[in-house]
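Just so it is clear, none of the values below were taken in a lab; they were calculated from the coordinates. Model, not experiment: these values are computed from the prediction. For neighbour counting, all protein chains shown are included, and Cβ atoms are generated from backbone atoms with ideal geometry for every residue, glycine included.
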Amino acid sequence: MADLISSLILSAFVVSVGGASVLFALSPRRARNQRLDGHGGIMLSRGIMEVAYWMFEPLVRVLVALRVTPNMVTAFSLVPALGSAVLIAMGHFGMGALLATGSGFCDMIDGMLARRYDTMSDVGELFDAVVDRYVEFLLLAGLAVYFRGSPVVIVLCLSAILGAFMVSYTTAKAEALGVKPPKGAMRRAERGVYLIVGCWLAPLWQLVMPGERSIATIAFGRELPVELALLVVAVVANISAVRRMLRIAELIRAKKPAA
């Protein structure tokens, strides 16, 4: 029951954000958040991201008044991420999705705080990036533990971890080699959204498809949305990583030799 309630809470939040994003899109006077230029994806559109920034602005003002630092929020994001991993490993997908969403919002809020304090630094960016990777790993690790009895889904989990690693690595390598990282699908935030959506929908899907059915260790009961999310992340992230690598190679070859 707690899983279903958690999924219903997330459903209400998604509906409210969706409605607000439509209103934002229809508003001719709304100011565009320049930081979001070039960001967004199929599951995480720019409009949704702008609404989220607008919704959390009051909370950011409170945190500034309390002198909460960006690094405090970044470190705290590990707490709901760890709780989410444990719950998902135990099969509580709805509650895990709710905590994972909270952890994701922490990643947004710490950046908003850093800009508010005007304290953005390379060290802070490094700390944020490292914590982000731990947060993402915890979510995938929780799924891997839960699906440990299904060889097929375990392969999907490992492939998703590999794709996440390679997308981040190719981006970092491009920056190290002095070329602009190419845009592409399945960046960290988008991967997180797919996995969270899969967990969020699992308890709701159970209402439609009660009971358990499986073929070749792949369950077609309530786990189906989670398995589909893992499949999408595993396939698209690895394709994106290869495409990024090829594009970076082209950019490196196109660089003019130093005079």
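Details
- Working ranking of peptides 75-84, 113-122 by packing, defined as the average number of other Cβ atoms within 10 Å per residue, highest first, is 75-84, 113-122.
- Packing rank of 126-138, 100-112, where each peptide gets the mean count of other beta carbons within 10 Å, highest leading: 100-112, 126-138
- Once backbone amide H atoms are built at 1.01 Å from N, GLY221 has ARG213 as its partners under 5 Å, excluding neighbours fewer than 5 places away on the same chain.
- Size check on segment 2-253: the Cα extents along the three principal axes, sorted descending, read 53, 47, 36 Å.
- The dipole here belongs to segment 2-253: it is taken about the Cα centre, uses +1 on the Cβ of Lys and Arg and -1 on the Cβ of Asp and Glu, and is about 620 debye.
- Placing a pseudo-label 7 Å from each Cα along the Cα-to-Cβ vector at PHE127 and VAL14 gives an inter-label distance of 3.4 nm.
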